[in-house]
Structures are given as C-alpha cells and as structure tokens.
Amino acid sequence: MADPVLVDQRGDATWITLNRPDRRNAYDPEMAEAIVDALDASTRSRAVVVTGVPGSFCAGGALTNLSAPDVTDMRGLYRASLRLFDAIRNHPRPVIAAVNGPAAGGGNELVVACDLAIAGESATFGQTGPRVGSAPVTGATNVLGVQIGEKRAKEMAFLCRRYTAAQALELGLVNAVVPDDELVGAVDALVEELAVLSPRYLEIAKVSSNVWWNAARDSFTNGLGMLVQAIGSPDMAEGATAFLEKRRPRFPAPDA
C-alpha cells in the first residue's frame, strides 16, 4: 500500500500531502500518526504546508462500519484526531492549509487547526457531524466560533451545509482564495513572506495566539468523552446507514 502521507521539502517549507485518494484523503489513526511524525521532523523548516493529493483536501476521519462500530477502533480514531490537531497547534512553525478540494468533517476542523489557509477556488468546506450521527467537538463547536463568530460556527456545526471557497473567505475561515492552478504558487509566496521573518518571534506569536485553543482544550476532551458514550447509538446507526444508502436520515425523535 502507498505511504499514507507524502513528505517533500520545497525550499523553506515542508509539504505534507495526505495520500489516500480512494477515501478522499480521510485519515485513520495510521495516517494521523504519519502526519504527526512528519510535523515532528519538520521543525527546522520555516513553515509547514498540509494539503491533499489532487481531488480532495481531507474528508475527515475514516469512519467505517458505523452501523455496528467497534468501540476500541472509534476511541483510537478520536484520540488520533485530537493528537493530530494538537500537533499542528503546538508546532513551532506556521502551519498552512493548502486546500485543494473538499474539506469535510474532520477535514474542515483540520483547516480550523492550521494557522493560515489558502484555498483553490473549487475547494468546499463544511461539517458533517449531526447529519451522519456525530458531532464536531475538536474545533468546530468551540474554536471555530472565535474564527468566524459564534452564530456562523453554530450554523456550520448544526446544519452541515457546504460552503464554497469564496464563502469561506467571507466568513474568515481562510486567508485567501486563488484559481486552482495558482494555489501552489500562492502558498509558495506566503512561505517566502514568512521565511524572511524571525522564526523565534513567529513562534512566540504563535504560542501566544493559541490562547483560545488552549482555553477550549477541556471542551475537546469532554466532547470526545461524550462521543465515546454515544458509540453504537440509534442515531449513529441511522446516520451511517443513510449516508451509505445516499438518503435523508430518519433519526429517532428526542426522548424528552
């Protein structure tokens, strides 16, 4: 099987490319760990770029067999997500999302975790949680509110709408949108701009700007704990089945 991520040193930046096109670059614990390892090995770079092989940026966590989920596997995926996002936030260098396709679910939260983001004009964004029997607790229900405003963040987390790159720019989720064939050049230009700045003081600025992420950290772990308790729930089973059958889910009515 091909490597889950491709790592390429391009001038002053380390490019980390998610490499599972068969599942739209959705990550499992193995891929998440490979990304973390690549991040750990890239501290001598001036910047790090996270992107996907052409066709998709990241479809989030690789969720399989949700109609009859394995609790241990699901716990492992939840922990891997948090470890991945923490590794991005705790990396000493700026981490840039080069969004070259759909960023859905945990892939959208991956953009939230990155310090900066540039999107190709065909990229799309959005959460999938309540639509498929889950909830986006590692960024989209907490830190995203700081980035785009609470009401907009709740809209994105609750309603599971898709947003164009232009809409994401207007919301403040990304820093710039460029034609698809100019994405790499735009990211390279941003890396060049960062490369002439003091890495020491950039790190200080990054650590200081993590205040909201750090404040929300307990929310992440609490939310993941609640998700673990909901593994195998009727809502999860119906959401997964409806997704696989490509139909509107029919979730049970509230108990009270």
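Within the range 163-195, count every residue that is of a type in the set (A, V, I, L, M), farther than 18 Å from VAL95 by Cβ and surrounded by fewer than 17 Cβ atoms within 10 Å (Cβ to Cβ). Step through it out loud before you land on a result.
Residues of the range 163-195 that are of a type in the set (A, V, I, L, M), as a first pass: 165-166, 168-169, 171, 173-174, 176-178, 183-184, 186-187, 189-191, 194-195.
Those still in the list that are farther than 18 Å from VAL95 by Cβ too: 165-166, 169, 171, 177-178.
Filter once more, so that each one left must be surrounded by fewer than 17 Cβ atoms within 10 Å (Cβ to Cβ): 166.
Qualifying residue count, the range 163-195: 1.
In this structure, is PRO54 over 28 Å from GLY11 (Cα atoms), touching a residue at least 24 places away in the same chain (Cβ under 8 Å) and not in a helix (DSSP H, G or I)? First the steps, then the outcome.
Values: over 28 Å from GLY11 (Cα atoms): no; touching a residue at least 24 places away in the same chain (Cβ under 8 Å): yes; not in a helix (DSSP H, G or I): yes.
Judged against the criteria, PRO54 is not a match.
Select from the range 8-20 the residues that are within 22 Å of GLN127 (Cβ to Cβ) and not charged (D, E, K, R) and list them in ascending order. Give the steps one after another, and end with the answer.
At the first step, the residues of the range 8-20 found to be within 22 Å of GLN127 (Cβ to Cβ) are 18, 20.
Passing the criteria: only LEU18.
Any chance you could count how many residues in the range 59-74 are at negative phi and surrounded by fewer than 24 Cβ atoms within 10 Å (Cβ to Cβ)?
Filtering the range 59-74 down to residues at negative phi leaves 59, 61-64, 66-74.
Keeping just the survivors that are surrounded by fewer than 24 Cβ atoms within 10 Å (Cβ to Cβ) gives 62, 64, 66-74.
Here the count works out to 11.
For ALA34, which of the numbered conditions (1) touching a Pro at 6+ places or on another chain (Cβ under 6 Å); (2) modelled with pLDDT under 95; (3) surrounded by fewer than 22 Cβ atoms within 10 Å (Cβ to Cβ) fails to hold?
Condition (2) is where ALA34 drops out.
Of the conditions (1) in contact (Cβ under 8 Å) with a residue 60 or more places away in the chain; (2) closer than 25 Å to SER81 by Cα; (3) of a type outside the set (A, V, I, L, M), LYS154 clears all except one; give me its number.
(1)
Looking at the range 43-58 only, could you name the residues that are modelled with pLDDT of 95 or more and either in contact with a Pro (Cβ under 7 Å, 6 or more places away or on another chain) or open to solvent by 60 Å² or more (accessible area, probe 1.4 Å) (or both)?
Result: THR43, ARG44, ARG46, ALA47, VAL53, PHE57.
When the residues of the range 1-23 are narrowed to those that are free of Cβ contacts under 8 Å to residues at least 60 places away in the same chain, open to solvent by 30 Å² or more (accessible area, probe 1.4 Å) and in a strand (DSSP E or B), which ends up nearest to LEU194 (Cα to Cα)?
Of everything passing the filter in the range 1-23, GLN9 is nearest to LEU194 (Cα to Cα).
Could you please find all residues in the range 1-26 being among the β-branched types (Val, Ile, Thr) and either over 18 Å from PRO92 (Cβ atoms) or over 15 Å from the mean Cα position of the chain (by Cα) (or both)? Give the derivation first.
First, the residues of the range 1-26 that are among the β-branched types (Val, Ile, Thr): 5, 7, 14, 16-17.
Hits for the range 1-26 are VAL5, VAL7, THR14, THR17.
Specify which of the listed residues (ASP255, ASP218, ASP180) is of a type in the set (D, E, K, R) and either in contact with a Ser or Thr (Cβ under 8 Å, 6 or more places away or on another chain) or at positive phi (or both).
On inspection, the qualifying residue turns out to be ASP180.
Name the residues in the range 59-88 that are at pLDDT below 90 and under 27 Å from ASP12 (Cα atoms), would you?
Scanning the range 59-88 gives no hits.
Would you tally the residues in the range 57-74 being small (Gly, Ala, Ser) and assigned to a strand (DSSP E or B)?
Taking the range 57-74 first, the residues small (Gly, Ala, Ser) are 59-62, 67-68.
Okay, now just the ones that are also assigned to a strand (DSSP E or B), so 61.
Total satisfying the criteria: 1.
In the range 75-103, how many residues are part of a loop (DSSP other than H, G, I, E, B), under 21 Å from ARG20 (Cβ atoms) and either open to solvent by 20 Å² or more (accessible area, probe 1.4 Å) or of a type in the set (S, T, N, Q) (or both)? Explain how you work it out, then say what you get.
Looking only at the range 75-103, we keep the residues that are part of a loop (DSSP other than H, G, I, E, B), and these are 91-94, 100-102.
Subsequent filtering for residues that are under 21 Å from ARG20 (Cβ atoms) retains 100-102.
Then keep just the ones that are either open to solvent by 20 Å² or more (accessible area, probe 1.4 Å) or of a type in the set (S, T, N, Q) (or both); that gives 100, 102.
Count: 2.
Do we have ASN142 as touching a residue at least 12 places away in the same chain (Cβ under 8 Å) and either over 24 Å from ALA38 (Cα atoms) or open to solvent by 10 Å² or more (accessible area, probe 1.4 Å) (or both) here?
Working: touching a residue at least 12 places away in the same chain (Cβ under 8 Å): yes; either over 24 Å from ALA38 (Cα atoms) or open to solvent by 10 Å² or more (accessible area, probe 1.4 Å) (or both): yes.
So ASN142 passes the test.
Hey, which of the helices (runs of 4 or more DSSP H) in the range 111-215, taking only ones fully inside, have at least 3 residues that are modelled with pLDDT under 95?
129-132
The values are calculated or read from the model by the stated rules, or taken from the named source; none is laboratory data. If you're wondering where the values come from, they're calculated on a predicted model, not measured in any experiment. Positions of Cβ are generated from backbone atoms using ideal geometry, with glycine treated the same way; all protein chains shown enter the neighbour counts. Side chains included, ligands, DNA and RNA excluded: accessible areas come from the protein's heavy atoms. Shrake-Rupley method; radii C 1.70, N 1.55, O 1.52, S 1.80 Å.
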